[in-house]
Amino acid sequence: MYHHLAKKVKVKSENSDGIILALEHKGFCAALLRRETTSRHSQDISDFSPLIEKCAIAWVDYVVDDFRKDAPRIAERIGFSSLLVKNLTKNSRSGYEDFNNEMGLLIPAIHVENFEVKLDPLLVLIRKNLILTIHTSGTKRFFRVRRYAETLLRKLPAKMMQKDKLTLLLIRILDENNARNFDYLQVIEEQGDKISHDLSDHTTSRKEMGNRIYQMKHALTVYLLGLWATVDALNSLRYGDADLLTDNPKIIGRLTGLVGEVHSQIGLAEHLSDVLASGLEVLQSIYNNQLQILNNQLAMAVAYMTILGTALLVPNTIATVMASPAFDLGTDDFNWYVSLIIASTVVSTFIAWFAVDKMGLLPKRYDENK
């Protein structure tokens, strides 16, 4: 019954890049024997040991649930030293260790969901005839390679040196990881296109838009950190001069090409970051323009109210003066009353002008001599 279930899972996996099969079997091994290639799936990594011992070269891919806890245990069970794994896993993003007879890399596996960018660790361990990759189930990038791993090993020339074969297989694995990392920049760009569309809508909330632009800017920052960590690991591999890897300039040139591709992707991501920064500046300009329009409207309202107030102030003052009993009491009272009105008007005007001038609210005169 279990065998029948495995067949059903395998049929489904051909339509879903092997993801269903990988969930059924966490471990995968593809090996190149003397005259043929073979592959095997298993939950227990120890099942691959007999096949590895008699093969020319093998690739083992294993999915763990808890990377920090399970990766050292899985690596030790297949023959790698605990010190190698310990030195690599203590790094946060990338690492490189070479113990002559065994070596390893720790590189980030990037995956994005909306604005959330995660840098999952990918552990690559190497010895004379084996490359072991360990990662979590969130890193769905080698399930497709599992399908044609035998073909990949079969195409390695029989007369090629062991170091050359091992290096070519390693380059293919690293290239697959880079390609999947690069795919997620498109996801970020799609989110950026949605933000651009919402920016064109004047009804969009300014607070919400500012938060979304920040989230995307942060996502790009984390994405760039993952790419730079990849560059560090690849440069360490390129210049490390490991005994297990090739000295063939042509093959090393392929490794250099991987570094160049990552740098190109970094350039694209930084360009997108600049576009986002421009979007923030445009958004700020829109806010400033809206505030300026509001200020102009308020100034216009104040001007109209001033004109209206002045228009009402003159007849109101005349009516108040003319209604005063002082005009009925004789010439002497009339004279001092009018004098009081004029004097108070002049004094109050001077006090108001002096106060406004001291507060710096009056525009300064232009000095032609300067």
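The values are calculated or read from the model by the stated rules, or taken from the named source; none is laboratory data. Keep in mind the model is a prediction, meaning the values are calculated, not measured. When we count neighbours, we look across all protein chains shown, and the Cβ atoms used for this are built from the backbone with ideal geometry, even at glycine.
Would you mind finding the one in GLY260, GLY210, GLY226 that is at pLDDT 90 or above and either surrounded by fewer than 16 Cβ atoms within 10 Å (Cβ to Cβ) or in contact with a Cys (Cβ under 8 Å, 6 or more places away or on another chain) (or both)?
Details: GLY210 fails: at pLDDT 90 or above; GLY226 fails: either surrounded by fewer than 16 Cβ atoms within 10 Å (Cβ to Cβ) or in contact with a Cys (Cβ under 8 Å, 6 or more places away or on another chain) (or both).
Result of the check over GLY260, GLY210, GLY226: GLY260.
For the stretch 221-240, enumerate the residues that are under 18 Å from ASP120 (Cβ atoms) and among the hydrophobic types (A, V, I, L, M, F, W, C). Before you say what the answer is, go through the steps one by one.
Step one: of the stretch 221-240, the residues under 18 Å from ASP120 (Cβ atoms) are 221-234.
Answer for the stretch 221-240, where residues must be under 18 Å from ASP120 (Cβ atoms) and among the hydrophobic types (A, V, I, L, M, F, W, C): VAL222, LEU224, LEU225, LEU227, TRP228, ALA229, VAL231, ALA233, LEU234.
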So which residues in the stretch 47-67 are closer than 20 Å to LYS155 by Cβ and under 38 Å from the mean Cα position of the chain (by Cα)?
ILE57, ALA58, TRP59, VAL60, ASP61
Go through the stretch 96-138 and give me each residue that's surrounded by 18 or more Cβ atoms within 10 Å (Cβ to Cβ) and without any contact (Cβ under 8 Å) to a residue 40 or more places away in the chain.
GLU97, GLY104
Return the residue satisfying two criteria in turn: it lies in the stretch 83-95 and is over 20 Å from the mean Cα position of the chain (by Cα) and at pLDDT below 90, and of such residues it is surrounded by the most Cβ atoms within 10 Å (Cβ to Cβ).
THR89
